[in-house]
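Below is one structure, written out as structure tokens; the observations come after it.
The values are calculated or read from the model by the stated rules, or taken from the named source; none is laboratory data. Note that the structure is a prediction, hence the values are computed from the model and not measured. Reconstructed Cβ throughout: ideal geometry from the backbone, glycine too, with neighbour counts over all protein chains shown.
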Amino acid sequence: MNKFCYVQAASVDAALAQIGAGPDSSTAAGIGKFIAGGTNLIDLMKENVMRPARLIDINALALGGIEAMPDGGVRLGALARNADTAHHPLVAGGYPLLSAAILAGASPQIRNMASNGGNLLQRTRCYYFYDTGVPCNKREPGSGCPAAGGLARQLAILGASDQCVATHPSDMCVALSALDAVVQVQSQSGSRAIAFADFHRLPGDRPDIDTTLAPGELITHIELPLAERFRAHSAYLKFRDRASYAFALVSVAAALDVGADGRIRAARIAIGGVAHKPWRDTQAEALLAGELPGTASFGPAADRLLVGARGAGVGPGSNAFKIPMARRAVVRALETALRGTVATTGESKDQEKRP
Amino acid sequence: MVDIPPAAMAGPSQHTIELRINGKACRAEIESCVSLLDLLRDRLGLTGTKKGCDHGQCGACTVLVEGRRINSCLTLAVMQNGRDITTVEGLAPLEVGAALHPLQQAFIDHDAFQCGYCTPGQLCSAVGLMNEGHAKNADDVRELMSGNICRCGAYPQIVQAVCEVALGGAQPGAVRPVIVGTVPA
């Protein structure tokens, strides 16, 4: 780990003043970083993947609340912990999809530490990004990407570029994408709202930039618009190499608004583990509007979502299997959502009955 | 708030922190980069808490901060200034003849370890699980203990031990009696 200066900020204004005030703020390696839970940043610093000259501890900021908004939505403080968010009555009751997605991610210890803002800003878990002994265009722009021709099991099948096949590893963000969340950010020049679909970016020719957050901006809140119409029919389905505590190979956040006539009024589908950001296609969702729910309508929507999917990696590192897996996961998540709100990990819950 | 001398602004900063560890007040002078785990083990001699992977993947470093379980390898000691921390050494009185924590006793009763390296983390994690109050059955216990790896594979016994204490004796998972000293087939 590099030597760094640690400071605490007592208020949002103080934090914003401090983020630009470090000794080496003009260089990428030396720029200051906010730290909240630290579960990803400290790990990356131990690996020398990130080397901030200055850490600004924002845990004392009054951004830990979870509260109802006047229009019926819910506002999540950026510093509220993942575990507290998932179990908060406003979230567990009004947004079971988000609750299920958060609880499908990481471990209880990490969920106790990790902040909501930090969850959005976590970096990819691509092996090559973490290994400073090999090239990586995300870590060192222009150095190359061994992942595309290597071990890509955890990596992208959609939206990748010839420079980067990284995936965003969050479960929480897949649900936030499906729920049309809004990210509220603040800087010394003011505040702005970023639609969740615009918050994370595709790698393109700048894979070193994960999000549209500008330097010096701080996430203050995440707003959830009212989602009552989806509450009865939502599901988070996660496929992974272990029953628990593993990143998704493919995950799906699915939500249906089903009318009294049994037809779908609106659908939301976001796929995790397959791209540099949670993958949504509103045209795929539009295909479902007015349709009767079922395999006959879910299949074409899944096909539409996966248009352009392409495998990466070679041999046992190939991730081409994720293309049919993602299609089936979308259909199954929609079927699960149709039956009612279920938090599912894809694992049987009757292990007790097995011999 | 931690005071930073102006001279420290250009490089690694030094900090004086005060913690309460296993009920005792503790003061330490540390550099910014010292993890809570390294403070406990290397500076304070509390080596019950183990360093397994040092990346938050194994759970051997689990401790309780204000009663909540966290990975002590993934937080800076300076970030925990002023907090109340419990390590495995603080679960039961460190006196000859004193009763063990019920979870410690259950781990012995159920033979819930072989090498024992993961055990301090398993114990602190299980205390955290009980404090959280979300485990209702053995499947919940499995899921909510998934942040703690046991490479010896004592999982069936760990689940039984945690279920016995956390679920008040209701043990949907205890389908086989444990014979201490044997390896379950």
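Condition check ((1) within 14 Å of chain A (Cβ to nearest Cβ); (2) acidic (Asp, Glu); (3) over 27 Å from A:MET45 (Cα atoms)) across all residues:
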position: B:LEU19; (1), (2), (3): no, no, no
position: B:ASP84; (1), (2), (3): no, yes, no
position: B:LEU94; (1), (2), (3): no, no, yes
position: B:ASP109; (1), (2), (3): no, yes, yes
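Can we say B:GLN114 is among the polar types (S, T, N, Q), within 14 Å of chain A (Cβ to nearest Cβ) and farther than 23 Å from B:GLU66 by Cα? Against the criterion (among the polar types (S, T, N, Q), within 14 Å of chain A (Cβ to nearest Cβ) and farther than 23 Å from B:GLU66 by Cα), B:GLN114 does not qualify. Of the listed requirements (1) within 14 Å of chain B (Cβ to nearest Cβ); (2) over 21 Å from A:PRO169 (Cα atoms), A:LEU288 misses just one: (1). Here the condition is being surrounded by fewer than 24 Cβ atoms within 10 Å (Cβ to Cβ), part of a loop (DSSP other than H, G, I, E, B) and under 22 Å from the mean Cα position of the chain (by Cα); of A:GLY290, A:GLY308, A:GLY313, it holds for A:GLY308 alone. Within the group A:ALA232, A:ALA175, A:ALA156, which residue is within 18 Å of A:ALA100 (Cβ to Cβ), buried (at least 23 other Cβ atoms within 10 Å of the Cβ) and either touching a Ser or Thr at 6+ places or on another chain (Cβ under 9 Å) or of a type outside the set (Asp, Glu) (or both)? Sole residue among the options that is within 18 Å of A:ALA100 (Cβ to Cβ), buried (at least 23 other Cβ atoms within 10 Å of the Cβ) and either touching a Ser or Thr at 6+ places or on another chain (Cβ under 9 Å) or of a type outside the set (Asp, Glu) (or both): A:ALA175. Pairs linking a residue in the stretch A:195-220 that is more than 20 Å from A:ILE58 (Cα to Cα) and among the aliphatic types (A, V, I, L, M) to a residue that is at pLDDT 95 or above and assigned to a loop (DSSP other than H, G, I, E, B), with Cβ atoms under 7 Å and 6 or more positions apart or on different chains, are A:ALA197/A:ARG280; A:LEU202/A:GLY159; A:LEU202/A:HIS276; A:LEU202/A:LYS277; A:ILE209/A:ARG201. Note on the stretch A:49-118: enclosed strands (runs of 3 or more DSSP E) holding 1 or more residues that are crowded, with 24+ Cβ neighbours inside 10 Å are A:54-57, A:74-77.
A quick yes/no check of all residues on (1) modelled with pLDDT under 95; (2) buried (at least 22 other Cβ atoms within 10 Å of the Cβ):
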{"residue": "A:PHE196", "(1), (2)": "no, yes"}
{"residue": "A:PHE199", "(1), (2)": "no, yes"}
{"residue": "A:ILE209", "(1), (2)": "no, no"}
{"residue": "A:PRO215", "(1), (2)": "yes, no"}
{"residue": "A:TYR236", "(1), (2)": "no, yes"}
{"residue": "A:ALA246", "(1), (2)": "no, no"}
{"residue": "A:GLY262", "(1), (2)": "no, no"}
{"residue": "A:ALA296", "(1), (2)": "no, no"}
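Of A:ALA275, A:ALA260, A:ALA270, which residue is out of contact with any Asp or Glu (no Cβ under 9 Å at 6 or more places or on another chain) and closer than 17 Å to A:THR124 by Cα? Residue meeting the stated conditions: A:ALA275. Of the numbered criteria (1) more than 11 Å from chain A (Cβ to nearest Cβ); (2) of a type outside the set (Lys, Arg); (3) crowded, with 23+ Cβ neighbours inside 10 Å, the one B:MET145 fails is (1). For the stretch A:242-271, the set of residues classified as without any contact (Cβ under 8 Å) to a residue 12 or more places away in the chain and either of a type in the set (Phe, Trp, Tyr) or within 27 Å of A:PRO324 (Cα to Cα) (or both) consists of A:ARG242, A:ALA246, listed by residue number. Of all the residues in the stretch B:55-78, those that are surrounded by fewer than 23 Cβ atoms within 10 Å (Cβ to Cβ) and facing chain A (nearest Cβ under 7 Å) number 2.
For the stretch B:88-123, residues that are in contact with a Phe, Trp or Tyr (Cβ under 9 Å, 6 or more places away or on another chain), part of a helix (DSSP H, G or I) and closer than 15 Å to B:ILE149 by Cβ total 3.
Residues of the stretch A:49-71 that are modelled with pLDDT of 95 or more and under 30 Å from A:ALA337 (Cβ atoms): A:GLY65, A:ILE66, A:GLU67, A:ALA68, A:MET69, A:PRO70. Within the stretch B:49-87, if we keep just the residues that are among the charged types (D, E, K, R) and assigned to a strand (DSSP E or B), the residue that is nearest to A:ALA106 (Cα to Cα) turns out to be B:ARG69.
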